[in-house]
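Trainee: I'd like to ask some things about the structure below.
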Amino acid sequence: TTDSTGGPDQPWGVKGTIGDTQINWIFNKVIPQTPSGYSLIFVTHIPLIADMSKGQPYVRLRKAIEQIPEKRNDLRVLMVLSGHMHYDYTSYENGILHVVSSCNAYYQDLHCSPLHANDPKVVPNTDNEQSFDYVSLDQDLQHIRMVRFGPCADRVFNLQPYRMKAGETLSLKSEKKVREWLIHDSRGNVNEPLPGYQSRWHWNQNIAKIDPQGTVHALTPGESVAIAIAEDGQEDYFYVVVE
């Protein structure tokens, strides 16, 4: 998403965004012409996670992406990949996986990530000078793998959500030995109003809870993200839908 918006005084970090030109191009030309069976990944600067971006263009794009399976059930949206917030975060909303990755403008913001409050800061002229990901798709295992170069961790995203009913339990399994299991709601985790990039996260657990063995306890309808932190630091992400 690269439409230029705002006047000459608009900060560069939000000048490249999504506008009507690209929305119309994506949904009037790209989607209708995409061959059957293809999977789609959307790459944006500003995240489309509901807690993060509430401006009209972002809401419109998010809703349009969520409607793709209804209009083209032969296509699949794998992920919306974004940055802007300077730290890693993931959410699963209305059937869409949202992944935010950190970047080199991370110097004062590393503590914002709930998983990396005590990690080394990005420091010029050191091994932590830069932060970027190598992204690969594992079709056999239905995973998206993101190998991290720089601070924070490798991440593995399981693309098939787990569906439960309130009161049910489900045991998750990670591919590595797990040091810690976590879970958080997909919505309502950000402090309001957003105080710039120094926003803090509250990890709510109203939808489901998880015990140290990786057993999910469904509480009430909604969407949650479960995270397995391996002994080597790798993070495995699982998506739980309580119906």
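Trainee: In whole Hz, what ³J(HN,Hα) sequence does region 48-59 give by Karplus (6.51, -1.76, 1.60; θ = phi - 60°), x for Gly and Pro?
Mentor: 9, 5, 4, 5, 9, 10, 10, x, 4, x, 6, 4
Trainee: How do the peptides 162-169, 77-84 rank, highest first, by the average count of neighbouring beta carbon atoms within 10 Å per residue?
Mentor: So the peptides 162-169, 77-84, ranked by packing, come out 77-84, 162-169.
Trainee: Compute the label zone of R76 within region 23-43: residues whose backbone N is under 20 Å from the point 7 Å along Cα-to-Cβ.
Mentor: The answer is 31-43.
Trainee: In terms of modelled amide H atoms, which long-range or inter-chain residues lie less than 5 Å from the amide H of S102?
Mentor: Answer set, sorted by chain and number: D88.
Trainee: Let me ask you something else. Just to verify a number: FRET efficiency for V59 and Q160, C-beta to C-beta distance, R0 = 30 Å, to 0.05?
Mentor: On the way: r = 27 Å, r/R0 = 0.90.
For V59 and Q160, the calculated efficiency is 0.65.
Trainee: Sort 173-179, 92-98 for me by packing, meaning the mean count of neighbouring Cβ atoms within 10 Å per residue, highest on top. Could the numbers behind the result be given before it?
Mentor: Numbers: 173-179: 13.6, 92-98: 19.4.
Answer by packing, highest mean first, reads 92-98, 173-179.
Trainee: In this model, which of K71/K165; K63/K173; K29/K54; K63/K177; K176/K209; K63/K209 are farther than 30 Å apart at the alpha-carbon?
Mentor: Details: K71/K165 27 Å; K63/K173 32 Å; K29/K54 26 Å; K63/K177 37 Å; K176/K209 21 Å; K63/K209 28 Å.
Flagged as over cut-off: K63/K173; K63/K177.
Read-outs: derived from the displayed coordinates by stated rules, not from any lab. Because the structure is a prediction, the values reported are computed rather than measured. Reconstructed Cβ throughout: ideal geometry from the backbone, glycine too, with neighbour counts over all protein chains shown.
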